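Structure first, then comments.
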Amino acid sequence: MADILPKGYEPHDVEVRWRTHWEENKTFSPSPDAPGESYSIVIPPPNVTGALHMGHALNLTLIDVLCRHARQKGKNVLWVPGTDHAGIATQNVVERVLAKEGKKRTDLGREAFVQRVWQWREEYGHRILKQIAALGASVDWDRLRFTMDEGLSAAVRKVFVQLYNEGLIYKGDYIINWCSRCHTALADDEVEHEPSKGRLWKARYELTDGSGTIVVATTRPETIPGDTAVCVHPEDARYAAFIGKKVRVPVIGREVPVIADAYVEREFGTGALKVTPCHDHNDWLLGSRHKLEFLQVIDEDGIMKTEAGPYAGLTKQECREKIVADMEVAGLLEGVEDLEHAVGHCYRCHTVVEPHVSTQWFVATTKMAPAARAAVPAATQIFPESWLKTYYHWLDNIRDWCISRQIWWGHRIPAWTCQDCGRLIVAEEAPDVCPDCGSSRLVQDEDVLDTWFSSSLWPFSTMGWPDDTKELSRWYPTSVLVTGFDILFFWVARMIMMGQHFMKEMPFRHVYMHALVRDASGRKMSKSTGNVIDPLEMINKYGCDALRFTLTAFAAMGRDIRLSEERIEGYRHFVNKLWNAARFTLMNLPETAPQAVDLHTIQGLHHQWILHRLECVKAEMDSALDDYRFNDAAQLGYKFLWNEFCDWYLELIKPDMQSEDVARRETAQYVLWLVLRELVILLHPIMPFVTAEIWQALPVAQGQKAGDLALEPYPAARPHCLRPDEAARMELIQGVIVAVRTIKAELGISPSHKVSLLLHPADAAQQALLEENRGLMLTLARLESLDMGMNLEAPKASASAVVQGCQIIVPLRGAVDLAGELARLDKEMQKLEKDLTGVNIKLSNESFVSRAPAEVVERERARAAQLADAREKLTALRARFAEALAEE
RNA sequence: GGGCAGUUAGCUCAGUUGGUAGAGCACCGCCUUCACACGGCGGGGGCCACAGGUUCAAGUCCUGUACUGCCCACCA
């Protein structure tokens with residue numbers, strides 16, 4: 001007998017051992033020269049500052065399932081790991097650390113601060129990597145990358161310079177989103193709009209010619225000093241006479257024109273709009289369209305500038321209060337009402353974002369969008385498809401991408417300005433002198449690039465671009481990008497643009513967008529709400545495989561995941577079930593692998609059945625993973641292991657294992673060994689640790705050593721094992737067993753109490769089948785005796801059932817509740833009657849019989865016949881039983 | 001305002017081309033059966049949100065309604 005595993009699966013030691021084994025053996029570091037079709041995935045790089053959360057856990061699990069499966073299929077698999085420097089997020093974290101020391105970043109100065117961030121990264125950057133490893137991710141640690149490492153930084157500079165030279169990067173004064181807390185510009189999609197309660201003030205703008213007033217509605221009175229026009233709809237009769245005239249800005253007194261633009265919504269507010277081009281995105285457009293004056297009155301710290309006249313020096317909030325009060329005194333305030341409207345917040349620190357005009361760098365994504373649009377789904381497919389529309393919509397409405405950030409942590413923009421002649425130099429390396437005037441007084445641009453700029457190069461920069469590396473030719477483009485839909489725009493769309501532009505090829509063939517992980521009541525998990533389920537804690541409590549299986553089983557396409565701890569606990573039971581199935585197997589196998597049996601000629605319905613089922617599951621699981629139907633794959637494994645292999649097969653072979661007949665025992669041992677082996681391979685991508693451990697314990701041929709399951713190929717198909725007819729016959733045996741069990745349970749007979757069973761088969765063929773498999777029924781139904789025949793003399797006082805036309809008769813002896821059996825039969829017959837009526841209605845429907853496919857009609861006819869037969873037999877059995885009752 | 005999902009057993013969710021409604025957990029019985037009580041066996045529980053339509057046949061396809069959630073958006 002082989003080594004016996006511990007009774008309960010204890011994940012921790014097993015996980016540590018295998019993780020170490022895989023790392024030390026570089027099992028997942030592929031050679032570009034190795035054979036096999038290329039398969040590659042780049043990790044969505046987590047923030048260096050980050051800690052692993054459930055979103056990562058889901059993402060990494062799914063990618064790992066794909067990678068391990070691809071390896072099994074003989075592909076040459078590269079999974080590139082790495083982290084993102086996460087500009088604003090990381091800078092904020094380190095600033096908070098400094099704040100605890102009572103310092104600000106400006107106290108340190110730029111260089112010292114950046115040093116400090118690097119130092120911080122040295123200390124804490126490993127945490128997230130360890131956590132990725134803890135999840136069992138089969139990444140190639142030799143190819144670990146960081147968005148700010150030397151190679152990637154060089155790639156960033158090269159891309160920047162080339163795009164600049166091609167006119168796809170430009171610098172200019174535009175209105176952007178400004179976070180006064182982070183003190184930087186933000187891209188459009190870094191602003192989160194949230195409904196907030198605000199107020200709508202109505203201010204009077206008097207016409208300079210005294211011919212009247214226009215009342216204007218605003219939510220931001222503090223911008224009044226920056227007004228350079230009032231705008232109405234060109235067809236609005238109320239204001240037609242005012243167009244072209246001038247009005248006086250309240251309190252300020254400055255004269256501004258009344259202009260007309262169809263953009264104005266006549267129904268909203270008063271139908272008149274004040275235009276502040278420097279402090280509102282729409283007004284910026286209006287200002288450009290109508291060539292208005294651009295007057296900036298709020299600075300980047302949220303303080304009113306000198307241009308704000310009497311309000312200079314006040315904060316935005318102070319200015320708002322004062323200007324409202326002043327208008328009231330001046331009688332220029334018409335009213336105030338409450339208003340619910342969307343206000344933009346910084347996605348990193350949640351401060352209200354201020355539209356702000358400043359000099360920034362932009363990528364002309366408006367020019368790159370059409371190609372990115374056209375390539376999907378032609379060159380790259382998105383799963384689930386429903387995201388396609390969203391992708392198109394975003395590209396169709398895209399604006400140029402503001403890439404400069406006024407922070408210190410990140411890739412510094414490779415642009416220098418000559419202090420003497422003003423020449424702007426954009427170059428990959430710092431120039432020594434100005435090419436125009438020869439001056440060496442060159443000053444580099446203070447800004448750094450948006451984090452997503454370097455992320456957008458990730459699929460090729462991690463593989464060594466711009467160098468012509470083996471990795472690039474072997475593994476670019478990548479096979480699939482797996483990520484949450486929340487970064488479709490931030491990341492996926494931009495990677496597509498950059499990949500197309502620089503590699504002339506899409507960066508991935510497929511995009512699989514998975515759901516967001518939410519808590520049990522559907523809320524987004526977040527630290528502040530305190531509803532976070534920590535993956536590492538779950539791994540500690542239930543084991544990594546249980547967590548991974550849970551996430552895989554939940555990952556149905558296009559749906560959010562509501563995770564609860566109970567569910568993980570539930571799947572821990574599944575892991576344990578597998579473990580114990582393996583223990584049973586080991587207890588019943590010899591030291592070395594059992595002698596092979598010819599599966600073409602193998603006898604024994606139960607063997608034929610389980611081999612048949614195994615073939616089905618192999619094929620189905622394979623195609624489920626090919627289609628990214630992760631939940632189906634998990635479900636298939638679950639059901640096969642538990643409901644077929646454990647519940648039936650292991651029970652069915654117990655008598656074989658006790659048998660004196662050596663051939664019979666050895667056949668069972670071989671099939672058992674083979675099915676468990678392959679099942680363990682199938683489950684390995686989802687549950688790598690427990691399966692690797694079991695694999696290693698399974699006996700192998702004399703003189704051989706158990707290998708590493710991670711290197712084991714997917715089991716080849718065995719078409720000759722597909723035996724649908726035998727599998728169907730198995731259902732009769734199972735039906736008989738279940739019927740006896742049900743009778744026992746419902747009549748209060750102890751399951752372990754052995755009863756006699758009489759079978760009255762439907763025909764001779766059935767009788768032969770039953771006779772052949774009497775052993776199976778004897779054990780699983782726990783029978784004392786089993787008699788069968790067409791002319792059996794059954795005692796009247798018997799419980800009965802009908803399965804596939806076979807009458808099942810269990811003579812009742814002793815203190816059995818006879819009335820209970822009558823009730824049970826009645827219930828059974830009621831159900832039969834209901835089904836039969838349903839089928840008959842269908843069959844008596846002329847158009848069904850004539851229009852439905854013949855095979856469907858045939859199936860219904862057969863079913864009707866069977867139901868009628870069962871009813872007839874049960875009626876007779878019930879009548880006999882009633883007689884017995886009466887005789888009592 | 002536009003777009004996209006979801007609405008199936010008490011709870012969380014499956015349900016691949018339309019063809020007899022499923023799982024896990026929870027619940028109710030019975031069981032110390034020699035792999036597993038993280039277990040076994042059996043059972044109860046559903047007008048598949050609502051209203052129409054297509055079809056011999058609809059949880060599944062179409063239209064509309066309601067509610068929930070998400071994304072996008074330049075109504076101040």
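Here, each number is a calculation from the coordinates, and none is a lab measurement. What you are looking at is a predicted structure, and each value in this text was computed from that prediction instead of being measured. Using ideal geometry, Cβ is built from the backbone for each residue, glycine included, and neighbour counts are taken over all protein chains shown.
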Starting from the Cα gyration tensor of segment A:711-844, multiply each eigenvalue by 5, take the square root, and state the resulting semi-axes largest first in whole Å.
30, 22, 16
Expected sort for A:Y391, A:Y174 with the fewest Cβ neighbours (10 Å cutoff) up front is A:Y174, A:Y391
For A:V482, which sequence-distant residues (separation of 5 or more, or a different chain) have an amide H within less than 5 Å of its own amide H, given hydrogens modelled in the peptide plane?
A:Y512
Diagonalise the Cα gyration tensor of segment A:195-295 and give the resulting equivalent ellipsoid semi-axes, square root of 5 times each eigenvalue, largest first, whole Å.
18, 15, 15
Options A:W458, A:G735, A:S785, ranked by Cα towards positive dipole end of chain A, top entry (Cβ charges)
A:S785
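Rank these for me by crowding, A:D486, A:D149, going from fewest to most other beta carbons within 10 Å.
Working: A:D486 12, A:D149 15.
Going from least to most buried by this count: A:D486, A:D149.
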For segment A:80-206, take N as its residue count and report Rg(C-alpha) divided by 2.2 N^0.38 Å.
1.47
Explain nothing, just the number: relative contact order of segment A:245-363, from Cα pairs under 8 Å at least 6 residues apart, as a whole percent.
18
Quick note, segment A:420-499: a/c under 1.5 would make it rounded; otherwise a/b > b/c is prolate and the rest oblate (a ≥ b ≥ c, C-alpha gyration tensor); here it is oblate
Checking rank on A:336-344, A:159-167, with mean other Cβ inside 10 Å and highest first, the result is A:159-167, A:336-344
Explain nothing, just the number: relative contact order of segment A:609-697, from Cα pairs under 8 Å at least 6 residues apart, as a whole percent.
28
Run through segment A:1-110 and list the GluC sites (Glu not before Pro) located in a DSSP loop whose Cβ has at most 15 other Cβ atoms within 10 Å.
A:E37, A:E101
For chain A, what does -39500 (n - 2.57) per DSSP helix run (n ≥ 4), summed and divided by total residues, give at 222 nm, in deg cm²/dmol to the nearest 500?
-13500 deg cm²/dmol
Using DSSP to call loops (not H, G, I, E or B), can you name the GluC sites (Glu not before Pro) in segment A:633-708 whose Cβ has at most 13 other Cβ atoms within 10 angstrom?
A:E660
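What order do you get for A:379-390, A:264-275 when each peptide is scored by the mean count of other beta carbon atoms within 10 Å, highest first?
Going from most to least packed, we get A:264-275, A:379-390.
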Over all Cα pairs of segment A:78-137, how is the pair count split among 5 Å bins, expressed in % and running from 0 up to the last occupied bin?
4, 15, 24, 21, 13, 10, 6, 5, 1, 0
Fewest to most neighbouring Cβ within 10 Å: what's the order for A:F362, A:F242?
A:F362, A:F242
How far is helix A:11-24 tilted off the main Cα axis of chain A, in degrees rounded to 10, range 0 to 90?
70
All-pairs alpha carbon distance profile, segment A:376-430, 5 Å steps from 0, percent
4, 13, 13, 13, 11, 10, 13, 11, 7, 4, 2, 0
Rank by packing, highest mean first: peptides A:821-831, A:799-809, with packing defined as the count of other Cβ atoms within 10 Å averaged across residues.
A:799-809, A:821-831
Bin width 10 Å, origin at 0, all Cα-Cα pairs of segment A:256-387: what percent of pairs per bin?
9, 25, 34, 18, 9, 4, 0
Across A:K654/A:K796; A:K171/A:K245; A:K639/A:K834; A:K842/A:K873; A:K744/A:K831; A:K305/A:K367, pairs whose alpha-carbon gap is larger than 27 Å:
A:K654/A:K796; A:K171/A:K245; A:K639/A:K834; A:K305/A:K367
Could you work out how much longer the chain between A:T27 and A:A876 gets when fully extended? Use 0.36 nm per residue separation minus the Cα distance between them, nm to one decimal.
298.9 nm
Those trypsin sites (Lys or Arg not before Pro) from segment A:279-316 that are DSSP loop and have at most 15 other Cβ neighbours within 10 Å turn out to be A:K291
Among beta bridges assigned by DSSP with both residues in chain A, the antiparallel ones amount in percent, to the nearest 5, to 70
Throw me the Rg/Rh for segment A:1-108, computed over C-alpha atoms with Kirkwood Rh, two decimals.
1.15
Throw me the Rg/Rh for chain A, computed over C-alpha atoms with Kirkwood Rh, two decimals.
1.11
